[in-house]
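Below is one structure, written out as structure tokens; comments come after it.
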Amino acid sequence: MKIKIVNKSKNDIPNYQTEGSSGMDLQANLENKIVLKSLERKLIPTGIFIELPVGYEAQIRARSGLSLKKGLTLANGIGTIDSDYRGEIKVIVVNLGKEDIEINHGDRIAQMVIIKYERADIEVVEELTVTTRQDGGFGHTGV
Ligand SMILES: O=c1ccn([C@H]2C[C@H](O)[C@@H](COP(=O)(O)OP(=O)(O)OP(=O)(O)O)O2)c(=O)[nH]1
Ligand SMILES: [Mg+2]
């Protein structure tokens, strides 16, 4: 599938790092470096604007290396980019580590995965169908 990208950043367009990567890395587009204190969160611009076909979303996800090594993750878990959004893609980072984290221009701070989604028509009912599980959850089958 194809998406349209406008690149207003001073970085290259986002790209897949390996043949089988599902996410393309997003780079920070910054005039000055940002320092994120422990538990601090900030909105990081990318300078990237995309247009997705209807029926597709983009998910912004943390990069595991940064999460593990520095505690840099996303405050919104997974960011959702709607197919009708035409604004700049921004990344809501949070420092879950104890040390300050420096973010410099060009740093690959997150990754973007393009996903097909369904929109549901809602049928309001009085009862749901019975299952073996019923309301069991949250570890009711054991850990
Ligand atoms: O990590 C993110 C999450 C969202 N967005 C942009 C694209 C998305 O289409 C829009 C709205 O995101 P979302 O629906 O998650 O936020 P909201 O708080 O529900 O805002 P809105 O009322 O504008 O939908 O913000 C980003 O750039 N980065
Ligand atoms: Mg919303």
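The values are calculated or read from the model by the stated rules, or taken from the named source; none is laboratory data. All of these numbers come straight from a predicted model, not from anything done at the bench. When we count neighbours, we look across all protein chains shown, and the Cβ atoms used for this are built from the backbone with ideal geometry, even at glycine. Each accessible area value is taken on the protein alone, full model and side chains, heavy atoms only, with ligands, DNA and RNA left out. Shrake-Rupley method; radii C 1.70, N 1.55, O 1.52, S 1.80 Å.
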Theoretical FRET efficiency, 1/(1+(r/R0)^6), r = Cβ-Cβ of V124 and E57, R0 25 Å, to 0.05: 0.45
In order through region 123-138: 3J(HN,Hα) via Karplus (6.51 cos²θ - 1.76 cosθ + 1.60), integer Hz, x for Gly, Pro: 10, 7, 10, 7, 9, 9, 5, 7, 10, 5, 6, 6, 9, x, x, 6
Can you count the Lys pairs in region 1-49 with C-alpha separation below 26 Å, eight or more apart or on different chains? 7
In whole angstrom, largest first, the equivalent ellipsoid semi-axes that the Cα gyration tensor gives for region 67-110 are 23, 12, 7
Size of the chain as Cα extents on the principal axes (Å, biggest first): 57, 39, 30
For D107, what residues show an amide H to amide H distance below 5 Å, using hydrogens built from the backbone and excluding near sequence neighbours? A28
What are the ³J(HN,Hα) couplings of region 81-97, residue after residue, when phi is run through the Karplus curve with 6.51, -1.76, 1.60 and θ = phi - 60°? Round to Hz, x for glycine and proline. 9, 6, 5, 9, 7, 10, x, 6, 6, 10, 10, 8, 8, 9, 9, 8, x
Counting only Cα, what are the radius of gyration and maximum Cα-Cα distance Dmax of region 86-143, in Å? 21.3, 54
For the chain, dividing by residue count, accessible area per residue (probe 1.4 Å) in Å² works out to 71 Å²
Taking all protein chains as present, what is the carbon and sulfur share of the accessible area of region 85-143, in % to the nearest whole number, probe 1.4 Å? 49 percent
Please find the FRET efficiency linking R86 to L39, where r is the Cβ-Cβ separation and R0 is fixed at 41 Å, and quote it to the nearest 0.05. 0.80
